[in-house]
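Data block below; observations after.
The values are calculated or read from the model by the stated rules, or taken from the named source; none is laboratory data. Note that the structure is predicted; figures quoted are calculated from it, not measured. Cβ sites come from the backbone with ideal geometry, for glycine too, and all protein chains shown count toward neighbours. The protein model used for the area step is the full one, side chains on, heavy atoms only, and it has no ligands, DNA or RNA in it. Shrake-Rupley method; radii C 1.70, N 1.55, O 1.52, S 1.80 Å.
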Amino acid sequence: MEERYDPIAIELAWQKDWATSNKYSVSEQSDKEKYYLLEMFPYPSGRIHMGHVRNYSIGDVVARFKRLQGYNVLHPMGWDAFGMPAENAAIKHGIHPAKWTVENIANMRMQLKRMGFSYAWDREFATCDVEYYKWEQQIFLQMLKKGLAYKKSSTVNWCPECQTVLANEQVEDDGCWRCGTRVEDKELDQWFFKITQYAEELLDDTEKLSGWPDSVLTMQRNWIGRSTGCEVEFPIENSPDKIKVFTTRQDTLYGATFMSLAPEHPQAQALTTPEQREQVEAFIAKVRAQDKKNRTSEDFEKEGVFTGSYCINPLTQTRIPIFLANFVLMDYGTGAVMAVPTHDQRDFDFAKKYALDLVVVIQPKDQVLDPATMTEAWTDSGILVNSGQFDGMDNNAAKDKIADFLVEQKIGAKTVNYRLRDWGVSRQRYWGNPVPVIYCDTCGVVPVPEKDLPVVLPTNVKFTGEGGSPLAQHEEFYKTTCPKCGAAARRETDTFDTFVESSWYFARYACPHFEAGPIDRQAADYWLPVDQYIGGVEHAVMHLLYARFFTKVMRDLGYMNIDEPFTNLLTQGMVCKETQSCPEHGWLYPEDVVDGKCSKCGKPVTIGRTEKMSKSKMNVVDPDHLIAKYGADTARLFSLFAAPPEKDLEWNEQSVDGCYRFLNRVWRAVYDNLSLVADNPVPENSGSGRNLRRTTHRTIKKVTEDIDGRFHFNTAISAVMELVNAVYAFEDKQQYPGAVTEALEAIVKLLAPFVPHITEELWHGMGHTEDLEAVGWPVWDEKALVEDENLIVIQVNGKVRSKITVSATADNATVEATALADETVQRFIADKTVRKVIVIPGKLVNVVVG
RNA sequence: GCCGAAGUGGUGGAAUUGGUAGACACGUCGGUCUCAAAAACCGAUGGCUUCUGGCCGUGCCGGUUCGAUUCCGGCCUUCGGCACCA
């Protein structure tokens, strides 16, 4: 009697089994080769969403596949638990962030377990555990010693909504990456990590990351933004001082006819003559009043003011006026730019506006530039003119020569500039890792001695949402004594950016219970680096760059011995769904739409664009509902089958239904043929049995190759679907029970990484007592793949005209003769001359006629 | 503007090294079973057509080739990143 497929009961039973046997726990004491698979850990927002389901389903396929292949697989899970939503919940609903976080974690842990993901749950931790963040404080103290962490006053990105500072990487479209509120400038004393010290290595090592998508590497390279050029000193007229500029266009130095300084430039005041003082002050005041983000947008009007002073072009000895200009940025290069209006569009516009001199120093090959008639700058290559000894050279070739000349003449040096800024990590928030330093009136900034760690985040704190960080109002916390002199002192009340925690969590998974330091070298040396990392592309710069930086820092501090944290990276696409809206009620959840109408008012619903699932657009599907309706295996299968992992996945309920039907079809295929399987027959190697065997082994090969390295899960699944269809279509089941059994067992084994519950159930249902993991991944038999006959496509002049079947052992001449004799082919070549026949063995014949 | 990715049926997608374009699935249509329905199973499904056949067809134009979704040149569109960076 056939059993019915009851996903919920099956899944709960197997999940219980895995939990009680601690099945996916691993240790480094193993003779197997290690494989560390990691998915980006979630923020405990309260509930998992479809993006998590997709991310973790992809990861679980790889983890289970590698385990079946015999690897010692580390597949951990944890919680990126510090951060603002917890604090906001405290302010809004009066729940303590710690309580809120712990409850959310408990719920999400349950949801993940319900999905059947094969995590090493014994390694789970949350970044808000003092056992985790205390080690981060220790790492910070080491960084402080090495000068890799420092404090400085600077203009920072301030989110007025979140009441805190944002790193440059956390500003998107001038808004806060979390809440979208427009970011303001604010002058604050801040802790920084010296990521710029690693700029060169971070850039160079992108070359080593062959397992990363090009798009992510390009984004990181752009973000680091290396440019090579020269620093050149321009003497100031009637002064011993000089102005230093950075340029990548030293080939145009002979054409520099004025100088532009940032309004904030330290020399600006000294250069201003009494006659110009009033105008300059007015200009600086105007620029100050302007928003920094506005100022750096391209369509912003370029304005400047003459300081009244002149400097000397060091190559031409010409006297050139010094301007302040609103487009010159103090925090890039030297804050001063030599202006070459003929060969830079910005400088051209500026020169036209203020009637400044133009000197052409590059002549293009096919036209003659005349400063009097030029309407725009010539920014392409050409031949140098008006450039002294360099006249006649190609401008690109001259770059090196002029750089050498500047060095020789001691007026310049070759330099490299990076766009990358140091990482500001101070946050004026409560729910984060406290920065372990103390401020003493006599001793200054004093690091908390290591023996006094951890600086524990206090729990008895009031959340009002006003007056900045609750820590700064918590006397018991900030009142302390100086570790050096013992005098009364104040503890730092800023906490770390939560991206600090996520920069090294991957390493702590190697040794989550280690008590002598952040990292157990032995465990880390065994497990690290992460072999495969999987997560959303939205972390392409922020998290992935910070984690790379931290890896290098921790290596240099002796904590671990790797250069790069993640050998391979898979960035999965977003989960999208069409939006639906009612003219009266606005956005609608899918469950509020009945037969295309709003369930509240009955008005017809407008279908909007397909966008990333988000609560604000209400185009979300709750994984819990999906699991309750179809089970976890269907949810997993759909998210893997509907699209390749790196592409966006469009939600389609009907397609989910199709996946559920397929699992039912697999279930029946096994139970309908259970009597054939019972005796465990040997696969037959003759007749149609041999054909089924060939399909089986071909499928094993295809699925293996699709999963391994390629991550083409959708085609792997479709290949298994074809095998299932082949079993249904196989007419001689009774004659060939061995071939049928082999096919069914292959189906179950091949599907195991995708849908672990139903496959384990079917495997045991087929009479096996050991688990699928003990059986291992199937291996194809090359001999079973061999074809007796080949289907040969016959083309005439490249168009398919016929198909023939020939023996696999037939030689080219035989194949050619058979093809030419074909009736349909004859019709096409009868009245023409055969000029050439191309034979691709086993595949195709192309007859060229004319 | 610069850099990166993509563009294939009604839909999601496949074609791994240049060799049958549209695998697999969804949807639709037809059939079997049923009093009926659901489920299941079987079949059809790129467009056009003078239909035992033929023509067109992978964003557009051109090239290389016996043969191009795949390679080359030039465009168009969409998405993503960077951008007054000297």
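Each residue in the range A:33-54 was checked for being part of a helix (DSSP H, G or I) and open to solvent by less than 10 Å² (accessible area, probe 1.4 Å), and 3 pass.
Exactly one residue among A:K836, A:K843, A:K799, A:K783 is within 28 Å of A:V703 (Cα to Cα), within 11 Å of RNA strand B (Cβ to nearest atom), among the basic types (K, R) and open to solvent by 40 Å² or more (accessible area, probe 1.4 Å), and that residue is A:K843.
Kindly state which strands (runs of 3 or more DSSP E) lie completely within the range A:292-405 and contain at least 2 residues that are hydroxyl-bearing (S, T, Y).
On the way: elements: A:304-312, A:319-325, A:336-339.
Because the criterion is at least 2 residues that are hydroxyl-bearing (S, T, Y), the strands (runs of 3 or more DSSP E) in the range A:292-405 that meet it are A:304-312.
Among the residues making up the range A:233-280, a single one is of a type in the set (S, T, N, Q), in contact with a helix residue (DSSP H, G or I) (Cβ under 6 Å, 6 or more places away or on another chain) and within 14 Å of RNA strand B (Cβ to nearest atom): A:Q250. Being under 22 Å from A:Y505 (Cα atoms), open to solvent by less than 20 Å² (accessible area, probe 1.4 Å) and under 24 Å from the mean Cα position of the chain (by Cα) is not true of A:D80.
Rundown of residues vs (1) under 30 Å from A:V775 (Cα atoms); (2) touching an Asp or Glu at 6+ places or on another chain (Cβ under 8 Å), yes/no style:
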position: A:R4; (1), (2): yes, no
position: A:E11; (1), (2): yes, yes
position: A:T20; (1), (2): yes, no
position: A:P44; (1), (2): no, yes
position: A:K66; (1), (2): yes, no
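Just so you know, in the range A:720-740 the residues that are among the small types (G, A, S) and open to solvent by less than 10 Å² (accessible area, probe 1.4 Å) include one that is nearest to A:A784 (Cα to Cα), and it is A:A739.
Scanning the range A:319-333 for residues that are more than 6 Å from RNA strand B (Cβ to nearest atom) and under 32 Å from the mean Cα position of the chain (by Cα) gives A:M330, A:D331.
None of A:A523, A:A547, A:A540 is within 15 Å of RNA strand B (Cβ to nearest atom) and within 26 Å of A:F140 (Cβ to Cβ) except A:A540.
Condition check for A:D452 on (1) open to solvent by less than 70 Å² (accessible area, probe 1.4 Å); (2) among the charged types (D, E, K, R); (3) under 30 Å from A:Y133 (Cβ atoms): one failure, at (1). How about the range A:728-842: which helices (runs of 4 or more DSSP H) wholly inside it have at least 1 residues that are in contact with a strand residue (DSSP E or B) (Cβ under 6 Å, 6 or more places away or on another chain)? The helices (runs of 4 or more DSSP H) meeting that bar are A:812-821, A:823-829.
Residue-by-condition table, conditions (1) out of contact with any Leu (no Cβ under 9 Å at 6 or more places or on another chain); (2) closer than 18 Å to A:L637 by Cα:
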position: A:G687; (1), (2): yes, no
position: A:L723; (1), (2): no, yes
position: A:K733; (1), (2): no, no
position: A:E742; (1), (2): no, no
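Within the range A:647-669, residues that are within 6 Å of RNA strand B (Cβ to nearest atom) sit with their Cβ atoms under 8 Å from residues that are of a type in the set (S, T, N, Q), at 6+ positions apart or across chains, in these pairs: A:E650/A:T610.
The numbered conditions (1) in a helix (DSSP H, G or I); (2) open to solvent by 60 Å² or more (accessible area, probe 1.4 Å) are all true for A:K244 except (1).
Restricting attention to the range A:364-382, which residues are buried (at least 18 other Cβ atoms within 10 Å of the Cβ) and either in contact with a helix residue (DSSP H, G or I) (Cβ under 8 Å, 6 or more places away or on another chain) or modelled with pLDDT of 90 or more (or both)?
Within the range A:364-382, the subset buried (at least 18 other Cβ atoms within 10 Å of the Cβ) is A:369, A:377-378, A:382.
Hits for the range A:364-382 are A:A377, A:G382.
Scanning the range A:192-203 for residues being open to solvent by less than 30 Å² (accessible area, probe 1.4 Å) and hydroxyl-bearing (S, T, Y) gives a total of 1. Among what's in the range A:204-232 and is crowded, with 17+ Cβ neighbours inside 10 Å and closer than 30 Å to A:L271 by Cβ, pick the residue that is nearest to RNA strand B (Cβ to nearest atom). Result: A:G229. In the range A:466-477, the residues that are open to solvent by 40 Å² or more (accessible area, probe 1.4 Å) form Cβ pairs under 8 Å with partners that are among the polar types (S, T, N, Q), at six or more places apart or across chains, as follows: A:G467/A:Q473; A:E476/A:N460.
The set of residues in the range A:247-274 that are over 38 Å from the mean Cα position of the chain (by Cα) and assigned to a loop (DSSP other than H, G, I, E, B) comprises A:A256, A:T257, A:P266, A:Q267, A:T272, A:T273. On the basis of being of a type in the set (G, A, S), within 30 Å of A:K749 (Cβ to Cβ) and at pLDDT 90 or above, does A:A784 make the cut? Taking the combined requirement at face value, the residue satisfies it.
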